[in-house]
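A.B. asks: First, the structure itself, so that you have it in front of you.
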Amino acid sequence: MIPNIATAVLSLANGADFILRGDTYSGLEWLDTVKRKPTQSEVNTELARLQSVYDAKEYARKRQKEYPPVTDYLDGVVKGNQAQIDAYIAACQAVKTKYPKPE
């Protein structure tokens with residue numbers, strides 16, 4: 001999920017009761033009587049942190065789209081078809097090479 005104001009608020013005050021009208025801090029109406037409303041600065045800092053985490057996982061999202069279906073592998077296992085299993089593994093390795101995990 002792409003980070004936004006709501007996910008940043010929930011990350012800071014998990015389970016808090018609030019309404020967000022629009023996509024800016026000014027649209028945040030705090031309804032929770034127990035948890036403290038995060039400041040705009042806290043929300044912005046958390047949003048930047050969540051965005052950084054999201055960006056760092058871009059390789060995984062790209063891989064997910066290109067991996068062959070796992071049913072191809074399972075079909076090979078059930079049939080005892082080692083060539084099909086090897087082809088599945090090779091296809092996965094090609095995707096991993098195309099989108100390497102950052103160091």
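The values are calculated or read from the model by the stated rules, or taken from the named source; none is laboratory data. Predicted, not measured: the structure shown is a model, and the values here were computed from it. When we count neighbours, we look across all protein chains shown, and the Cβ atoms used for this are built from the backbone with ideal geometry, even at glycine.
A.B. asks: Mind checking which pairs have a first residue in region 80-96 that is free of Cβ contacts under 8 Å to residues at least 60 places away in the same chain and within 30 Å of Glu58 (Cβ to Cβ) and a second that is of a type in the set (Gly, Ala, Ser) and in a helix (DSSP H, G or I), Cβ under 7 Å, 6 or more apart or different chains?
C.D. replies: Ile85/Gly76; Tyr88/Gly76
A.B. asks: Would you pick out the residues in region 72-103 that are out of contact with any Asp or Glu (no Cβ under 8 Å at 6 or more places or on another chain), within 30 Å of Val53 (Cα to Cα), not acidic (Asp, Glu) and not in a helix (DSSP H, G or I)?
C.D. replies: Correct list: Pro100, Lys101, Pro102.
A.B. asks: Here's another thing I want to ask about it. With respect to the numbered conditions (1) under 23 Å from Pro3 (Cα atoms); (2) under 24 Å from the mean Cα position of the chain (by Cα); (3) small (Gly, Ala, Ser), which one is the sole condition not fulfilled by Gly27?
C.D. replies: Among (1) under 23 Å from Pro3 (Cα atoms); (2) under 24 Å from the mean Cα position of the chain (by Cα); (3) small (Gly, Ala, Ser), the lone unmet condition for Gly27 is (2).
A.B. asks: So which of Ala6, Ala94, Ala90 is modelled with pLDDT of 95 or more and touching a helix residue (DSSP H, G or I) at 6+ places or on another chain (Cβ under 9 Å)?
C.D. replies: Ala94
A.B. asks: Hey, Val53 hits all of (1) out of contact with any helix residue (DSSP H, G or I) (no Cβ under 7 Å at 6 or more places or on another chain); (2) of a type outside the set (S, T, N, Q); (3) not in a helix (DSSP H, G or I) but one; which does it fall short on?
C.D. replies: Condition (3) is where Val53 drops out.
A.B. asks: Could you run through region 72-93 and say how many residues are under 26 Å from Met1 (Cα atoms) and either loosely packed, with under 15 Cβ neighbours inside 10 Å or small (Gly, Ala, Ser) (or both)?
C.D. replies: Result for region 72-93: 1.
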